[in-house]
Amino acid sequence: MENTIRKQIFELIDSDYQKFSSALIPNVTNVLGVRIPELRKIAKKIAKDDWRTYLETAEDEYFEEVMLQGMVIGYAKTDIEEVLTYVAAFVPKIDNWSVCDGFCSGLKITKDQQERVWTFLQPYLSSEEEYDLRFGVVMLLIYYVETPYIDRVLMLLDRVQHEGYYAKMAVAWAISICYIKLPDPTMAYLESNNSLDKFTYNKALQKITESTRVDKEVKTLIRGMKRR
């Protein structure tokens, strides 16, 4: 099966897109240049077929092969426990922000299984591995920025201690999403915060001010909160 899949991927290589996408993921050198919608089409076909065999035998040589596996896990129709088994096996393969964030956005089963997935995510949120941690944080910002979870989300984000750029950026992004969706508790958190490092705190403020969903007056206030 895998040789056929690789053949399909190779047939979709776009050299111009390869240059574009490689520039966006500077630490990755194995990008072939296949557009995400094309990979999704392949993933949906695999998910309707023998996806378990595919995931057990899939190769990881190219960026697109890893991305495709993540997509298939997201599309697979099975129970939450089996999905989480495959998620746990996949997360160690994540070595860039693009695979991480694409994988998280595909795990839509989380919407119906919030408490189960919440428990599953906890070890990742205290991991020393940069992309394990980013996985946990991006899952929070996609699926848990809502009233029942907001206080716990902010508490977990506040506890993240990692020097990795992509971990810090994920936390800043998550805090900005918290502010955009639930400004009152997030503003209270930002105003009293003294534990986030300066880079992450200021990046969170910057991301809030870049949002089109935040008023001009509020942006001025947020800019004034920057740490010097």
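Descriptive notes on the structure:
- Pairs, first free of Cβ contacts under 8 Å to residues at least 24 places away in the same chain in segment 100-129, second surrounded by 17 or more Cβ atoms within 10 Å (Cβ to Cβ) and of a type in the set (Gly, Ala, Ser), C-beta under 6 Å, six or more apart: Leu121/Gly136
- Lys77, sole failed condition from (1) in a helix (DSSP H, G or I); (2) surrounded by fewer than 18 Cβ atoms within 10 Å (Cβ to Cβ); (3) at pLDDT 95 or above: (1)
- Flag for Tyr54 being over 13 Å from the mean Cα position of the chain (by Cα), surrounded by 19 or more Cβ atoms within 10 Å (Cβ to Cβ) and at pLDDT 95 or above: yes
- Residues located in segment 12-43, provided they are more than 21 Å from Tyr75 (Cβ to Cβ), part of a helix (DSSP H, G or I) and more than 20 Å from the chain's Cα centre (by Cα): Ser15, Asp16, Tyr17, Gln18, Lys19, Phe20
- Residue within segment 205-222 that is under 21 Å from Leu121 (Cβ atoms), assigned to a helix (DSSP H, G or I) and touching a helix residue (DSSP H, G or I) at 6+ places or on another chain (Cβ under 7 Å) present: no
- Residues satisfying the stated conditions in segment 88-116, i.e. outside any helix (DSSP H, G or I) and of a type outside the set (S, T, N, Q): Ile94, Asp95, Leu107
- Yes/no for Arg40 being surrounded by 14 or more Cβ atoms within 10 Å (Cβ to Cβ) and either at pLDDT below 95 or among the basic types (Lys, Arg) (or both): yes
- Output for segment 184-217, where each listed residue is of a type outside the set (Gly, Ala, Ser), surrounded by fewer than 16 Cβ atoms within 10 Å (Cβ to Cβ) and farther than 22 Å from Arg159 by Cβ: Glu210, Thr212, Arg213, Asp215, Lys216, Glu217
One line per residue, one yes/no per condition, for (1) buried (at least 21 other Cβ atoms within 10 Å of the Cβ); (2) assigned by TED's automatic domain parsing to the domain that holds Phe103; (3) touching a Leu at 6+ places or on another chain (Cβ under 9 Å); (4) within 18 Å of Thr209 (Cβ to Cβ):
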{"site": "Glu130", "(1), (2), (3), (4)": "no, yes, no, no"}
{"site": "Leu133", "(1), (2), (3), (4)": "yes, yes, yes, no"}
{"site": "Pro148", "(1), (2), (3), (4)": "no, yes, no, no"}
{"site": "Val160", "(1), (2), (3), (4)": "yes, yes, yes, no"}
{"site": "Ala172", "(1), (2), (3), (4)": "yes, yes, yes, yes"}
{"site": "Ser176", "(1), (2), (3), (4)": "yes, yes, yes, yes"}
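For (1) in a helix (DSSP H, G or I); (2) among the aromatic types (Phe, Trp, Tyr); (3) more than 20 Å from Glu129 (Cα to Cα), each residue gets a yes or a no:
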| residue | (1), (2), (3) |
| --- | --- |
| Arg152 | yes, no, yes |
| Leu156 | yes, no, no |
| Gln161 | no, no, no |
| Ile175 | yes, no, yes |
| Ile180 | yes, no, yes |
| Thr186 | yes, no, yes |
| Tyr201 | yes, yes, yes |
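- From the options Thr85, Thr119, Thr147, residue that is modelled with pLDDT of 95 or more and in a loop (DSSP other than H, G, I, E, B): Thr147
- Ile9 touching a residue at least 24 places away in the same chain (Cβ under 8 Å), crowded, with 17+ Cβ neighbours inside 10 Å, farther than 19 Å from Tyr131 by Cβ and of a type in the set (A, V, I, L, M): yes
- Total residues in segment 14-25, condition surrounded by fewer than 16 Cβ atoms within 10 Å (Cβ to Cβ) and free of Cβ contacts under 8 Å to residues at least 40 places away in the same chain: 7
- Segment 199-221: number of residues that are touching a residue at least 12 places away in the same chain (Cβ under 8 Å) and among the basic types (Lys, Arg): 3
The values are calculated or read from the model by the stated rules, or taken from the named source; none is laboratory data. Because the structure is predicted, anything quoted here is derived from the model rather than measured. Don't worry about glycine lacking a Cβ; one is built from the backbone with ideal geometry, like all the others, and counts go over all protein chains shown.
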